[in-house]
Amino acid sequence: MNCIETLVNVDVGSYVWAKFGFKAMDLPAFVNTMNAKVDYLRERRKVTVEQYDLLKKTIQDNQHEKLPWVMADLQIDGIPLGRTIMMNLRWEADLNLYDREAMARFTKYVNQR
């Protein structure tokens, strides 16, 4: 077994799997999900206009398989927004057990618990 694949879709799970080191399997779908979530948060005034602009720029500038990590770890002006952004999302994720960077992230997060 080289890889673990999962469909992330439960409450905080979408945030936790990203913190564990899982990457987006379908990047275009994940980018669309992120953009929709950021739009939703702005419409409901959960983020400021400035935060919204930074979130959109972050998504635009990080369109790679590690975007879930970037979003989960995101802080703006010292405010950790990652959990808020990543909550209640549905995305396909995988963890390559031979990816040293992903496994280092996994080990770090698990050891914090």
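Condition (residue is in a helix (DSSP H, G or I), crowded, with 20+ Cβ neighbours inside 10 Å and touching a residue at least 12 places away in the same chain (Cβ under 8 Å)) applied to the range 96-108: is it met by at least one residue?
yes
Output the residues belonging to the range 35-53 that are in contact with a strand residue (DSSP E or B) (Cβ under 9 Å, 6 or more places away or on another chain) and within 30 Å of Glu5 (Cα to Cα).
Listed by number, the list is empty, since nothing qualifies.
Give the residues of the range 41-78 that are among the basic types (Lys, Arg), over 30 Å from Asp99 (Cα atoms) and either in contact with a Pro (Cβ under 8 Å, 6 or more places away or on another chain) or surrounded by 10 or more Cβ atoms within 10 Å (Cβ to Cβ) (or both), sorted by residue number.
Result: Arg42, Lys46.
Can you confirm whether the range 96-107 contains a residue that is modelled with pLDDT of 95 or more and in contact with a Cys (Cβ under 7 Å, 6 or more places away or on another chain)?
Scanning the range 96-107, I find at least one residue that is modelled with pLDDT of 95 or more and in contact with a Cys (Cβ under 7 Å, 6 or more places away or on another chain), so the answer is yes.
The conditions are (1) in contact (Cβ under 8 Å) with a residue 40 or more places away in the chain; (2) under 29 Å from Asn2 (Cβ atoms); (3) assigned to a helix (DSSP H, G or I); (4) within 13 Å of the chain's Cα centre (by Cα), and Val70 fails exactly one of them. Which is it?
Val70 satisfies all of (1) in contact (Cβ under 8 Å) with a residue 40 or more places away in the chain; (2) under 29 Å from Asn2 (Cβ atoms); (3) assigned to a helix (DSSP H, G or I); (4) within 13 Å of the chain's Cα centre (by Cα) except (1).
The values are calculated or read from the model by the stated rules, or taken from the named source; none is laboratory data. Since the structure is predicted, the reported quantities are computational estimates derived from the model, not experimental observations. Cβ sites come from the backbone with ideal geometry, for glycine too, and all protein chains shown count toward neighbours.
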